[in-house]
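The values are calculated or read from the model by the stated rules, or taken from the named source; none is laboratory data. Just so you know, these numbers come straight off a predicted model, no measurement behind them. Cβ atoms come from the backbone with ideal geometry, glycine included; neighbour counts cover every protein chain shown. For accessibility, only protein heavy atoms count, side chains too; no ligands or nucleic acids. Shrake-Rupley method; radii C 1.70, N 1.55, O 1.52, S 1.80 Å.
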Amino acid sequence: MNNLTFGIPAIEENGVRYEGWGYYETIAGGHGGGRDWPRGQDGVHTNMTNTKITDPEILERRYPVLLHQFSLREGSGGSGMHPGGSGCIRDIEFLEAMSVSLLTERRAFPPPGLNGGGNGACGLNLWKRCRSGKTAQLLNIGGKNSVFVQPGDHIVIMTPGGGGYGRSE
């Protein structure tokens, strides 16, 4: 599972209430290779249903963000007779200050390969902190965290690849 939320809370200031808003998405990863199929699937939701990611044009129109990258994470699937599928990379820049939370798995322990197949790559969540006049800081924020981003900051989510199946010949 790779869950991302961001938004701002509702607040009341000088007797005026300002409505908050929030956004939630699930991000695909790589599916493992298996005995009965030649290769794991790239960039799919595994063991979950009824989710669909928002189109980039809609995301950028409705929320103060820019999507810099949404692609397959080449090389993240495990090796094997039937290799694992590739995870994804999602790089989002925030145009306003807001809270961002991640609830993700397989950041410390890789997706295992089966019957001699190689493990898939662990996922990685990075916070690129950009402050004016300073070099950007790249921080690993782990699998489960909440941070408060500023305009210009990025969250880069690299989802795990799937484990491979069987020894390579």
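When the residues of the stretch 140-168 are narrowed to those that are in a strand (DSSP E or B) and surrounded by fewer than 13 Cβ atoms within 10 Å (Cβ to Cβ), which ends up farthest from the chain's Cα centre (by Cα)?
Our first condition is that a residue be in a strand (DSSP E or B); within the stretch 140-168, this holds for 140, 144-149, 154-158, 165.
Those left that are additionally surrounded by fewer than 13 Cβ atoms within 10 Å (Cβ to Cβ): 140, 146, 148.
On the way: Asn140: 13, Ser146: 14, Phe148: 17 Å.
Checked the stretch 140-168; the qualifying residue farthest from the chain's Cα centre (by Cα) is Phe148.
Does Arg131 count as of a type in the set (D, E, K, R), part of a loop (DSSP other than H, G, I, E, B), modelled with pLDDT of 95 or more and open to solvent by 40 Å² or more (accessible area, probe 1.4 Å)? So Arg131 does not fit the description; no. Every condition in (1) open to solvent by 30 Å² or more (accessible area, probe 1.4 Å); (2) without any contact (Cβ under 8 Å) to a residue 40 or more places away in the chain; (3) not basic (Lys, Arg) holds for Thr26 except the one numbered (1).
Would you confirm whether or not the stretch 76-83 contains a residue that is touching a Leu at 6+ places or on another chain (Cβ under 6 Å), among the small types (Gly, Ala, Ser) and either open to solvent by 70 Å² or more (accessible area, probe 1.4 Å) or assigned to a loop (DSSP other than H, G, I, E, B) (or both)? Looking through the stretch 76-83, none of the residues is touching a Leu at 6+ places or on another chain (Cβ under 6 Å), among the small types (Gly, Ala, Ser) and either open to solvent by 70 Å² or more (accessible area, probe 1.4 Å) or assigned to a loop (DSSP other than H, G, I, E, B) (or both).
So in the stretch 14-23, with the set limited to residues that are part of a strand (DSSP E or B) and open to solvent by less than 100 Å² (accessible area, probe 1.4 Å), which one is nearest to Asp91 (Cα to Cα)? Residue satisfying both the conditions and the ranking: Tyr23.
What number of residues within the stretch 106-118 are open to solvent by 90 Å² or more (accessible area, probe 1.4 Å) and assigned to a loop (DSSP other than H, G, I, E, B)?
In the first step, residues of the stretch 106-118 are kept if they are open to solvent by 90 Å² or more (accessible area, probe 1.4 Å); the result is 106, 109, 114-115.
In the following step, the residues that additionally are assigned to a loop (DSSP other than H, G, I, E, B) were identified as 106, 109, 115.
Qualifying residue count, the stretch 106-118: 3.
Has the stretch 41-48 got at least one residue that is open to solvent by 80 Å² or more (accessible area, probe 1.4 Å) and among the aliphatic types (A, V, I, L, M)? Reasoning before the result, please.
In the first step, residues of the stretch 41-48 are kept if they are open to solvent by 80 Å² or more (accessible area, probe 1.4 Å); the result is 41, 47.
Those still in the list that are among the aliphatic types (A, V, I, L, M) too: none.
Within the stretch 41-48 (the criterion being open to solvent by 80 Å² or more (accessible area, probe 1.4 Å) and among the aliphatic types (A, V, I, L, M)), the answer is no, since none of the residues qualifies.
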